[in-house]
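One structure below.
Computed from the coordinates by the stated procedures, all read-outs in this text should not be read as laboratory data. These figures come from a predicted structure and were not determined experimentally. Here Cβ is always computed from backbone atoms with ideal geometry, including for glycine, and neighbour counts include all displayed protein chains.
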Amino acid sequence: MLYTARSVADRGTLAQLKNDFGHRNVSTDIMNCFNHAENFLRFVTEAHVVYLLLKLCDMEEIDDVPRHVDTLRSVDELQQYFTQLCERIVQHVWILPDITDVTAVADYTAENSFISDRWCICGEGTNPLHQSQ
């Protein structure tokens, strides 16, 4: 459960952010407010990424210039700085899958060919839905 109305007083929770930023149409009954909930989660995600960007660039306000940028002398240096900054953001927000789980599934399907043929998505298996036309 990501959202509970009881956490409205707890700073940084979805309930607190919902109230502070006026997303009143979001409730715990997602089936009746799906689009509002999606918009709210998108809003919160974008806000957290912008906040992370501000912290990584030692900026106080969104209109500030990152302190490191004035030392860059060329477009290539600026592009490299921006690329590295984007990579750092992705490293902070992207949760990598547990590779042991992925490997275990791959090993299991290799040992049980009827499963790998049934679920093959590469187009080379025996599943008639995935064979080349």
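A compact table of results
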read-out: Any hit, segment 8-28, residues being closer than 30 Å to H68 by Cα and under 18 Å from the mean Cα position of the chain (by Cα); value: yes
read-out: Subset of segment 40-78 (residues that are surrounded by 11 or more Cβ atoms within 10 Å (Cβ to Cβ), acidic (D, E) and assigned to a helix (DSSP H, G or I)); value: E77
read-out: Qualifying residues in segment 69-104 (those that are within 19 Å of the chain's Cα centre (by Cα) and β-branched (V, I, T)) - the one farthest from L53 (Cα to Cα); value: I99
read-out: Number of the exception - L52 against (1) of a type in the set (A, V, I, L, M); (2) in contact with a helix residue (DSSP H, G or I) (Cβ under 9 Å, 6 or more places away or on another chain); (3) without any contact (Cβ under 8 Å) to a residue 40 or more places away in the chain; value: (3)
read-out: Search result, residues across segment 23-36 that are part of a helix (DSSP H, G or I) and free of Cβ contacts under 8 Å to residues at least 12 places away in the same chain; value: I30, M31, N32, F34, N35
read-out: Residues (assigned to a helix (DSSP H, G or I) and exposed (fewer than 13 other Cβ atoms within 10 Å of the Cβ)) located in segment 6-22; value: R6, D20
